[in-house]
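These notes concern the structure reproduced below.
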Amino acid sequence: MKFSSVFFVFISVLLLLGCSTCDDCDGYVSEATVAFTFIDYDSLQILTEEIDLFADSVSRSDSVETELTLLYNYLNDSLIIINDSIANGGSLDVQLVVFSDFISEVDSLLIDYSYLNDYYTEVLDSLNQLQTILLSGEVMVDTIFNLSDDRYYLPEATQAEYVVPLNYNDTISSMGFWIDNAFYFIQLQHTNELTIDVRGNAKVSLKQINVTEDAHNFTEITIQCKNSYCRANETIVVCYY
């Protein structure tokens, strides 16, 4: 009997020690979240149009520069022939002057188009860099509202992604965002599955995250998921405002 009591106490201590090193032994349910990225739609549209315009300008100036180079080489070859003819007694002095002047004009045009092409290319590179920054979603969100539980958050710095908790007590999560002196809202729908592991800890799994139709005031929204399940903590909602 004494041995049985000691053994029981020993086993109980082992169980307690084992639980103290376990992160989930208190039955804690980790918070399900979704990440938001915000992109200025109007600025992106204007920037895209400018990029297309300058890309076309680079293409056309490249084409003209190529044609002028071919003409310049042809005129130089012709000039060599004329000089050889004159050296052999030919009377092509007038043609020599005309070709020389023409070559000078083409050479001047080549220089102009070379500078112009460099300018277009430089502007295009700058615009592409701006587009990359804009697409990264680096904007300042003044306030994030979790409309499901009346909580709000004040981000301290500009971020590319803002992580917001989902409502695991319901299949609907409603959020609001204050960006550039304007209020935007969105409602997400998802499926919630309750699972219990071998230790008896409850865990809510949220997946199939999507936007409730007509329940937002963004210009456009895309959902980026790692796979077809669109699980919480793995999903990014890209909002164009």
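Numbers for the structure displayed
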read-out: Selected residue (only one of Thr132, Thr195, Thr222 is under 21 Å from the mean Cα position of the chain (by Cα), surrounded by fewer than 17 Cβ atoms within 10 Å (Cβ to Cβ) and in a strand (DSSP E or B)); value: Thr222
read-out: Failed item in (1) in contact with an Asp or Glu (Cβ under 9 Å, 6 or more places away or on another chain); (2) surrounded by fewer than 17 Cβ atoms within 10 Å (Cβ to Cβ); (3) within 30 Å of Leu44 (Cα to Cα); (4) not acidic (Asp, Glu), with Tyr119 passing the rest; value: (1)
read-out: Filtered residue count, region 87-138, keeping only those that are closer than 30 Å to Cys239 by Cβ and of a type in the set (Val, Ile, Thr); value: 3
read-out: Some residue of region 168-180 being touching an Asp or Glu at 6+ places or on another chain (Cβ under 9 Å), modelled with pLDDT of 95 or more, more than 17 Å from Ala35 (Cβ to Cβ) and hydrophobic (A, V, I, L, M, F, W, C); value: yes
read-out: Residue that is at pLDDT below 90 and closer than 30 Å to Asp101 by Cβ, where the choices are Leu70, Leu75; value: Leu75
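The values are calculated or read from the model by the stated rules, or taken from the named source; none is laboratory data. Everything numeric in this text was worked out from a predicted model, so none of it was measured. Every residue, glycine as well, gets a Cβ built from its backbone with ideal geometry; the counts of neighbours run over all protein chains shown.
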